[in-house]
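As structure tokens, the structure follows; a few thoughts come after it.
The values are calculated or read from the model by the stated rules, or taken from the named source; none is laboratory data. These numbers come from a predicted model, not from an experiment. Cβ sites come from the backbone with ideal geometry, for glycine too, and all protein chains shown count toward neighbours. Accessible surface areas use protein heavy atoms only, side chains included; no ligands, DNA or RNA. Shrake-Rupley method; radii C 1.70, N 1.55, O 1.52, S 1.80 Å.
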Amino acid sequence: MSIRDVYIVDAVRTPIGKFGGALAGARPDDLAAHVVRALVDRTPELDPARIDDVVMGDANGAGEDNRDVARMAVLLAGLPVTVPGVTVNRLCGSGLEAVIQAARAIALGDASVAIAGGVESMTRAPWVVQKPERAFPATHQQMWSTALGWRMTNPRMPQEWTVSLGEGAELIADKYGIDRAAQDAFALDSHRKAAAAWAAGHYDAEVVPLDGVDLVRDECIREGSTPEALARLKPAFRPDGTVTAANASPLNDGAAALLLVDEEGLRATGREPLARIRASAVTGIEPHLFGLGPVDAVERALAKAGRGFGDLTTFELNEAFAAQALGCLAAWPELDPALVNPRGGAIAIGHPLGASGARLAGSAAHQLATAGSGTALAALCIGVGQGIALVLER
């Protein structure tokens, strides 16, 4: 059996909304349906009935995104009921996991055309209460927010592993000697690059605003921030720490999706592809050092593709925290940091957990199309200690 080439024909995303912001009124299943519908509308030559599967990443799935949000997106987007949908969860890497799984199905001949993406509404993530161990309890019950982080943790899990995500970033800052000034400077650069990219029209080809919602640009970008303003913020996780709300990614809402095809599917679209999927990798690491998860995943994916850092045209690395991203960069001394997130990163753009991986892959594909040729990387760290990476070529 021969392995088929897999092409990215198109990639779209919503503007990313801030927690409680412009997208707070949008259900996650509607966000997912919006990007699925946008892909179909932008490829009118493709019969939607030819879509073999829709794969969506979703990190929480505890609220309106329950009951397989990918299938809900298919139905809400008005696709034929014969189009199936499946939802996958690899936490922060869910959107990229969806792309990899859909690409694998196409490469093996199980599909010819697929949509892959991700969605998250951290604003609308519900609070949950566990069932009591016995009937009619007289005591108060613990309520948990499902928006982010550890909850209802198994007591057998070592405490070292279950530190907060912010404390994990502090541990990486300790490990590599990354001070507050370096983290704040990285965050400022993320905002400035994102603002410049929007001003230059670089996101016009991929962002599809929602009808009736007053949001056409990513909501968390703050191009007017200054080093002095960031320096005044208090540490968020340690009294004497270096990680703040400004040098970490915010809580966000949004969705992203890509149209993937084989050669036959490509002919059915009548379009030129943005990029071709070359290789991927997923790896594990100690849970408290989750931020360094991309290090091994990126190196393995590049090795599978027969490429090195010197071959890269662009690299979309998710910025969960400035300390985390800087820690990864410190582990790759041969990488030119100027190639990383040239259009801004998650600290400025936002990090809607299940959607971020698809956003990164889509942005990397659009950047390759603009360049005309080259090699791109997309990678994310993942809570509970994993890393994921994807190599694209054009």
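Among the residues in region 46-53, are any of a type outside the set (A, V, I, L, M, F, W, C) and under 18 Å from the mean Cα position of the chain (by Cα)?
Among the residues of region 46-53, not one is of a type outside the set (A, V, I, L, M, F, W, C) and under 18 Å from the mean Cα position of the chain (by Cα), which makes the answer no.
Do we find that GLU334 is part of a loop (DSSP other than H, G, I, E, B), open to solvent by less than 10 Å² (accessible area, probe 1.4 Å), out of contact with any Lys or Arg (no Cβ under 7 Å at 6 or more places or on another chain) and touching a residue at least 12 places away in the same chain (Cβ under 8 Å) in this structure?
no
In region 161-177, what count of residues is obtained for those that are of a type outside the set (Gly, Ala, Ser) and open to solvent by less than 20 Å² (accessible area, probe 1.4 Å)?
2
Which members of region 225-248 meet the condition of being open to solvent by less than 70 Å² (accessible area, probe 1.4 Å), within 26 Å of the chain's Cα centre (by Cα) and of a type outside the set (Ser, Thr, Tyr)?
Matches in region 225-248: LEU230, PRO235, ALA236, VAL243, ALA246, ASN247, ALA248.
Which residues, taken from region 380-394, are closer than 29 Å to MET152 by Cβ, of a type in the set (A, V, I, L, M) and part of a strand (DSSP E or B)?
LEU380, ILE382, ILE388
Which of (1) open to solvent by 50 Å² or more (accessible area, probe 1.4 Å); (2) in a helix (DSSP H, G or I) does GLY212 not meet, given it meets every other one?
(2)
Could you check how many residues of region 356-379 are in contact with an Asp or Glu (Cβ under 6 Å, 6 or more places away or on another chain), within 21 Å of GLU120 (Cα to Cα) and not in a helix (DSSP H, G or I)?
So the count comes out to 1.
So which residues in region 148-170 are more than 16 Å from GLU319 (Cα to Cα), out of contact with any strand residue (DSSP E or B) (no Cβ under 9 Å at 6 or more places or on another chain) and among the aliphatic types (A, V, I, L, M)?
Answer for region 148-170, where residues must be more than 16 Å from GLU319 (Cα to Cα), out of contact with any strand residue (DSSP E or B) (no Cβ under 9 Å at 6 or more places or on another chain) and among the aliphatic types (A, V, I, L, M): MET157, VAL163.
Is there a residue being part of a loop (DSSP other than H, G, I, E, B) and either without any contact (Cβ under 8 Å) to a residue 60 or more places away in the chain or surrounded by fewer than 24 Cβ atoms within 10 Å (Cβ to Cβ) (or both) anywhere in region 344-355?
no
Select, from VAL261, VAL298, the only residue that is under 20 Å from LEU377 (Cβ atoms), touching a residue at least 24 places away in the same chain (Cβ under 8 Å), in contact with a helix residue (DSSP H, G or I) (Cβ under 9 Å, 6 or more places away or on another chain) and open to solvent by less than 10 Å² (accessible area, probe 1.4 Å).
Step by step, each of VAL261, VAL298 is checked, and only VAL298 is under 20 Å from LEU377 (Cβ atoms), touching a residue at least 24 places away in the same chain (Cβ under 8 Å), in contact with a helix residue (DSSP H, G or I) (Cβ under 9 Å, 6 or more places away or on another chain) and open to solvent by less than 10 Å² (accessible area, probe 1.4 Å).
For region 178-190, how many residues meet the condition of being in a helix (DSSP H, G or I) and either open to solvent by 20 Å² or more (accessible area, probe 1.4 Å) or free of Cβ contacts under 8 Å to residues at least 60 places away in the same chain (or both)?
7
Restricting to region 23-39, name every residue that is more than 18 Å from GLY57 (Cα to Cα) and buried (at least 20 other Cβ atoms within 10 Å of the Cβ).
If the condition is that a residue be more than 18 Å from GLY57 (Cα to Cα) and buried (at least 20 other Cβ atoms within 10 Å of the Cβ), then LEU23 is the only one that fits.
Say we look at region 54-65 and pick out the residues that are over 17 Å from the mean Cα position of the chain (by Cα) and small (Gly, Ala, Ser); which of these is most open to solvent (accessible area, probe 1.4 Å)?
ALA62
Of all residues being hydroxyl-bearing (Ser, Thr, Tyr) and over 11 Å from GLY118 (Cα atoms) in region 356-370, which is most open to solvent (accessible area, probe 1.4 Å)? Just the residue, please.
Among them, the one singled out is THR370.
Identify all residues within region 91-109 that are among the charged types (D, E, K, R) and touching a strand residue (DSSP E or B) at 6+ places or on another chain (Cβ under 6 Å); write none if there are none.
GLU97
Being crowded, with 24+ Cβ neighbours inside 10 Å and within 24 Å of PRO287 (Cα to Cα) is the filter here; which residues of region 371-394 pass it?
LEU377, ALA378, ALA379, LEU380, CYS381, ILE382, GLY387, ILE388, ALA389, LEU390
Condition first: assigned to a strand (DSSP E or B), open to solvent by less than 10 Å² (accessible area, probe 1.4 Å) and over 21 Å from ALA246 (Cβ atoms). Now tell me which residues in region 301-330 satisfy that.
Within region 301-330, THR314, PHE315, GLU316 meet the criteria.
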